[in-house]
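Enquirer: Provided herewith is a single structure, encoded as structure tokens, for subsequent inquiry.
None of the figures in this text is laboratory data; all of them are computed from the coordinates on show. Source: prediction; values computed, not measured. Because the Cβ atoms are built from the backbone with ideal geometry, glycine has one as well, and the counts that use them run over all protein chains shown.
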Amino acid sequence: MFYQLFLTVVAFIVLSVVTAIPSPLAHIHHHRQENPDNIVKLESADNYCMIMPKNPHANIGDSESPGGMMTYCSATARWDDSQGTIPGGFWKISDYQSGSSPDTGARFAQLTGCIDSGMVDRLNPDDLGGQYDSSGGKKGEGNPANSVCLGYKHYIELIEPESGRACLKCCDDPDDCPLKRDTSGCPVVIPGNYFDCV
């Protein structure tokens, strides 16, 4: 009986110590929290969230500093007061695709097409544009830092106000969301339908 009691106490102590030791991956989970004002979401052509400049009439490149960006969502996707609203009509015409990548076999979702940059007062219509992503920037933390696409491991987003074009892609394989072509434009970075945007 004493032996069983001893084993029970030892087991309790061991379990208490093990559960008190933080997981080596715990910092990653806490590091990439899904903050409502720092996320991208892509479920359909009408249900999406994008990163936009926080200040009115800003260039994308100028917004790429801590606190210079925030989440804006379509009316159906917005769920938190910290998120801005993208009005209907922002996408003049768009193409939503999802499935498995022909290159990697991994899941992806993408939205490409023509935008009316005047519909969102955060954008400067004369801006050549820029890129937001989950895995670039300093130390690969993303731009904005620690941003995520809900349900996916990576994302890349380009907004090109002067060209009237935008593209967003969420993916599980980083090769499907290439970061190193940010000045090449949407059709190169995220091949898709752009309807000859002007």
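Enquirer: Just want the ordering: H57, H154, from fewest to most Cβ atoms lying within 10 Å of their own Cβ.
Expert: So the residues, fewest neighbours to most, are H57, H154.
Enquirer: A follow-up question, please. Extent of segment 97-198 along each principal axis, from alpha carbon coordinates, in Å, largest to smallest?
Expert: Result, largest extent first: 35, 30, 22 Å.
Enquirer: Quick one: order L128, L123 by neighbouring beta-carbon count within 10 Å, fewest to most.
Expert: Least crowded to most crowded, the residues run L128, L123.
Enquirer: Checking the a/c ratio against 1.5 first, then a/b against b/c, what shape does the Cα gyration tensor give for segment 52-146?
Expert: Since a/c reaches 1.5 but b/c is at least a/b, the shape of segment 52-146 is classed as oblate.
Enquirer: Next question, about the same structure. In whole Å, largest first, what are the principal axis extents of the Cα atoms in segment 155-198?
Expert: The Cα atoms of segment 155-198 stretch 31, 18, 13 Å along their principal axes.
Enquirer: When only C-alpha pairs under 8 Å and at least 6 residues apart count, what is the relative contact order of segment 34-189, in percent?
Expert: 23
Enquirer: Going by C-beta contacts inside 10 Å, put C170, C186 in order with the fewest on the left.
Expert: Ranking C170, C186 by Cβ neighbours within 10 Å, fewest first, gives C186, C170.
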